[in-house]
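**Q** The structure's right below; bear with me while I get my questions together.
Quick note: the coordinates plus some simple rules give every number you see, no bench work behind them. All figures in this text were calculated on a predicted structure; none of them were measured in a lab. Cβ coordinates were reconstructed from backbone atoms using ideal geometry, including for glycine residues, and neighbour counts include every protein chain displayed.
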Amino acid sequence: MQNSSSLLFYNYTIVGAGASGLWLANAMIDKGLLDNKTLCIVENDNNKLNDRTWCYWEKNALKEPQIISKEWRLIKDLYGKRNNQIFPYRYYHVKSNDFYQHLKTKLKKNPNIYWKIETVNTVDKITENKLCVQTINQSWETNYAFLSALPAANKDLETEKLNQYLGEQNKKIFIWQSFVGYRIKTANPVFNPSEIIMMDFNVDQANATQFFYELPLSENEALVEFTRFGTEIIDYDYAINQIENRLKNKNISYQILEIEKGAIPMTPQFDQQNNSLASNQNIIYIGTLGGAIKPTTGYGFKRMFHYAEKLAEALKNEENTNLPTMKRKWRFRIYDIILLQILVDTPHLGKNIFQTLFTNQPITRILKFLDEETSVIEEVKIFSRLPLLPFIKSLLKYIFVR
């Protein structure tokens, strides 16, 4: 494992062992990249517990179906629609602890993967094809570094690199998706385990866009989550009060099994500008930094998986293939920018826009649209049933003011 400069050497380094990092390492194994090459995975905390929930909809489960704890085929009809089936999709639920445990168990069986519990301070280019990764306690050389978080010591420099990597962005458009959730167990069977509540806006909006999200895991257990789209992160005590009032109004007696909370950036800032990376680019951003999070939904788990698969395939054929980015189709980027601008400028309109969307469109078309797989004709059908004036104003602001 020594090279001529006497530093340790690994072909690949992944900084961060969250969803994006573990998906990429898993794809490297499955594509055979680590049959004769080495990978170092660096994480500053190897004691992650069930710190979050990931959900996604898809026609078939992603790889590693062992991580799925529950799936649904129905979304509760809150708006008087006739059909709440989401066929051909299914909505999948993944507990982060199950994901971490399954992927790490698999990865740790590979003798060419090395793990370090460290905080990365710097990642510097030393030659055209080599980088030096420096932590507090050690350093090593690598051909590629995949970053899901910025290095600690040179964040200003790395932020500048990141901005150059991403290109010119609409950085002023930024809101948070913040949430607090209770996983509860009830004394009596009160939930319908066959259907989820995706967005229930029957709550005070508080100059933001706020809704409940409910995932019934059984008749006696559910995740009840209060979510805000807004410029300010939701106050924890306020969110807890909203959840407890909801359960009280439903006369539900319960015990709290877990509490989860978090905040996801909703912004076009991380959108990629190019389809592929420069040929000499070997510091590669993944996860949120790489554009995995869809700006108007906060969903990113599935996008991280698909990007990991594409990136590992390209690395396998790196002599003949430019490495891909997570660049999205331009029109979907514009749609997201327009909606985010509305939520920034006129947050009180968010509830009406989302309720109108769910009332007037088949749920499968909405899911297809959020996956950015609809045709232009389908998108015309969607926007023609929405209140157009806010979208026109937002579009004009994007064109003439940005």
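**Q** When the chain is fully extended, how far beyond the present Cα-Cα distance does residue 364 get from residue 127, taking 0.36 nm per residue of separation?
**A** 80.4 nm
**Q** Run down the aspartates and glutamates and flag those whose C-alpha is under 16 Å from the C-alpha of residue 310, throwing out any fewer than 8 positions away in its chain.
**A** Answer for residue 310, where 16 Å is the Cα cut-off: 30, 318, 319, listed by chain and number.
**Q** Sticking with this structure for a sec: Can you sort 146, 391, 179 from fewest to most other Cβ atoms within 10 Å of each residue's own Cβ?
**A** Fewest to most other Cβ atoms nearby, the residues stand as 391, 179, 146.
**Q** Which ordering of 23, 330, 72 is given by a fewest-first count of other beta-carbon atoms within 10 Å?
**A** Fewest-to-most Cβ neighbours within 10 Å comes out as 330, 72, 23.
**Q** Using a 10 Å cut-off around each Cβ, can you sort 15, 376, 180 from fewest to most neighbouring Cβ atoms?
**A** 376, 180, 15
**Q** Still on this structure, I have one more. Name the shape class, rounded, prolate or oblate, that the alpha-carbon gyration tensor gives for the stretch 195-335, where a ≥ b ≥ c are the square roots of its eigenvalues, rounded holds for a/c under 1.5, and otherwise prolate holds if a/b is larger than b/c and oblate otherwise.
**A** Prolate shape, in that a/c is at least 1.5 and a/b is the bigger ratio.
**Q** Round to a whole angstrom and tell me the spacing of the C-alpha centers of the stretch 81-150 and the stretch 349-384.
**A** Cα centroid to Cα centroid, the span is 33 Å.
**Q** Using 7 Å Cα-to-Cβ label points, what is the residue 373/residue 313 separation (nm, one decimal)?
**A** Using points 7 Å along Cα→Cβ, the separation is 1.5 nm.
**Q** Another one. With runs of 4+ DSSP H residues as the only contributors, calculate the mean residue ellipticity of the chain at 222 nm using -39,500 (n - 2.57) per run, divided by the residue total and rounded to the nearest 500.
**A** Mean residue ellipticity, 222 nm, calculated: -9500 deg cm²/dmol.
**Q** Of all GluC sites (Glu not before Pro) in the stretch 291-330, which ones are in loop regions per DSSP and have a Cβ with at most 11 other Cβ atoms within 10 Å?
**A** Qualifying residues, ordered by number: 319.
**Q** How far apart, in nanometres, would the label points at residue 235 and residue 327 be if each is projected 7 angstrom from Cα along the Cα-to-Cβ direction?
**A** Taking the simple label geometry, residue 235 and residue 327 are separated by 4.5 nm.
**Q** Under a point spin-label approximation (7 Å from Cα along Cα-to-Cβ), what is the residue 156-residue 275 distance to one decimal in nm?
**A** Each label point lies 7 Å from its Cα, and together they span 3.9 nm.
**Q** Would you work out which of 190, 222, 207 lies farthest towards the positive end of the dipole of the stretch 175-265, given +1 charges on the beta-carbon of Lys and Arg and -1 on that of Asp and Glu, about the Cα centre?
**A** Ranked along the dipole, the leading option is 190.
**Q** Using 28 Å as the Cα-Cα cut-off, could you pick out the over-long pairs in 70/116; 329/397; 81/294; 108/185; 70/368?
**A** Cα-Cα > 28 Å for 70/116; 108/185; rest within.
**Q** Report the gain in length on full extension from residue 384 to residue 138: 0.36 nm times residue separation, minus Cα-Cα distance, nm rounded to one decimal.
**A** 82.7 nm
**Q** A further question on this structure: Pull up all non-local amide H partners of residue 90: gap of 5 or more, or a different chain, and H-to-H distance under 5 Å with H placed in the peptide plane.
**A** 58, 59
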